[in-house]
Amino acid sequence: RNIALTNVQLCFPDWSDEQYQQFTQQHFISTVSIMFDMPRLWWSSQVSLQKNIIIEGSEHIELARKNNENIIFLTCHSLALEYGGIALNFKLPIVGLVNQLRNPVMDWLISRARTRFNIQLAVKNDGIRSIIQAVKNKQAFYYLPDEDSGKERTIEAPFFAHKKQTLPVLGKLASISNATVIPCYCWFDVKQNKYVERCLAPMQFDNIKDEAQSTAQMNQILEELILIEPTQYMWTLRIFGKYKDDKR
């Protein structure tokens, strides 16, 4: 709770205490609801999952495929990101980077959910070369660059009202793999009682060779994605690492 509250306070410094409390309360309600819904991913059929996931903006995917373009899906740690990855994988082959979990049972369950429909997983420690090759081979990369990665190989870039250590690799990755970058975000829509994966128009980099500029542009897009349904972002992540008034 302290991690979530601290992150929200850093990102939205003009809010009142009441707003912080209401927001974090709704965040944890959403977290528990989606957590208890996870068995769907472990055991439901493809037909059942497709009935419960809507893809908005699929025309951006179809246009990229029509033009024979390689694809990188830029997304972030929404609570429903697993549903988003599977929804996109129903349209085209997906590859994603993962960290192995300490709990072997949970690691097995989550890996099983991710790979049931042939999503390819690559361990982060193995490097990015396999990802580049996969993208060139028409596998779309499901990329989540919003976690704090420490100071090694990162640069500071604005993220909401604060700055965070960010890997400056998206521009280079898109250039090397000759890929179009399609931002996307998945959340649970209470009104429709379905998960929604929304794809936005492909990114147009102002200066793909300028790491600072392209990284700031990426974080700005991540902000836009999170604001689609902000309470369903993983505010319990250590987004900003250590800072002077760290309450965590």
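The values are calculated or read from the model by the stated rules, or taken from the named source; none is laboratory data. Because the structure is a prediction, the values reported are computed rather than measured. Here Cβ is always computed from backbone atoms with ideal geometry, including for glycine, and neighbour counts include all displayed protein chains. With ligands, DNA and RNA removed, areas are computed over all heavy atoms of the protein, side chains included. Shrake-Rupley method; radii C 1.70, N 1.55, O 1.52, S 1.80 Å.
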Task: Local electrostatic count at residue 44 - Lys and Arg +1, Asp and Glu -1, tallied over other residues with Cβ under 15 Å - done: +4
Task: Around residue 76: net Lys/Arg minus Asp/Glu count, Cβ-Cβ under 10 Å - done: -3
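With all protein chains present and a 1.4 Å probe, how do 73, 28, 23, 90 order by accessible area, largest first?
Values: 73 0, 28 65, 23 20, 90 45 Å².
Largest to smallest exposure gives the sequence 28, 90, 23, 73.
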TODO: Give the whole-number value, in cubic angstrom per residue, of the convex hull volume spanned by the C-alpha atoms of the chain.
DONE: 132 Å³
Task: Computed label-point distance, nm, for sites residue 99 and residue 191 using a 7 Å Cα→Cβ extension - done: 3.5 nm
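Filter the DSSP H helices in the chain by two things, a Kyte-Doolittle mean of at least -0.5 and an axial alpha-carbon span of 27 angstrom or more, and list the hits by number.
Within the chain the helices that satisfy the rule are 17-36.
Where nothing but the Cβ of Lys and Arg (+1) and of Asp and Glu (-1) is charged, how large is the charge dipole of segment 118-248 around its Cα centre, in debye to the nearest 20?
Details: 18 positive and 16 negative charges, 64 e Å.
For this selection, approximately 300 debye.
Could you order 43, 15, 187 so the one with the most accessible surface comes first? Probe is 1.4 Å. Please report the intermediate quantities before stating the final value.
On the way: 43 160, 15 75, 187 20 Å².
The most accessible residue leads, giving 43, 15, 187.
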Task: Mean projected area in nm² (Cα convex hull; one quarter of hull surface) for segment 1-115 - done: 9.5 nm²
- [ ] Run the quick spin-label model on residue 121 and residue 156: label points 7 Å from Cα toward the beta carbon, then report their separation in nm to one decimal.
- [x] 3.6 nm
Open item on the list: No solvent, one uniform scatterer per C-alpha: report log10 I(q)/I(0) for segment 1-61 via the Debye equation at q = 0.24, 0.25, 0.30 1/Å, two decimals.
Closed with: -0.92, -0.95, -1.20
Open item on the list: I'd like the distance between the alpha-carbon centres of segment 178-244 and segment 73-89, rounded to an integer number of Å.
Closed with: 11 Å
Task: Student exercise, the chain dipole from Lys, Arg, Asp, Glu Cβ charges, in Debye to nearest 20 - done: 880 debye
Task: Surface per residue (accessible, 1.4 Å probe) for segment 25-124, Å² - done: 52 Å²
Task: Modelled FRET efficiency - R0 51 Å, residue 206 with residue 20, Cβ distances, 0.05 increments - done: 0.90
Task: Solvent-accessible area, 1.4 Å probe, carbon plus sulfur percent, for the chain - done: 50 percent
Open item on the list: From the C-alpha coordinates alone, can you work out the Kirkwood hydrodynamic radius of segment 155-248, in Å?
Closed with: 14.9 Å
Task: Anisotropy class of segment 60-200 from Cα gyration tensor, a/c 1.5 cut - done: rounded
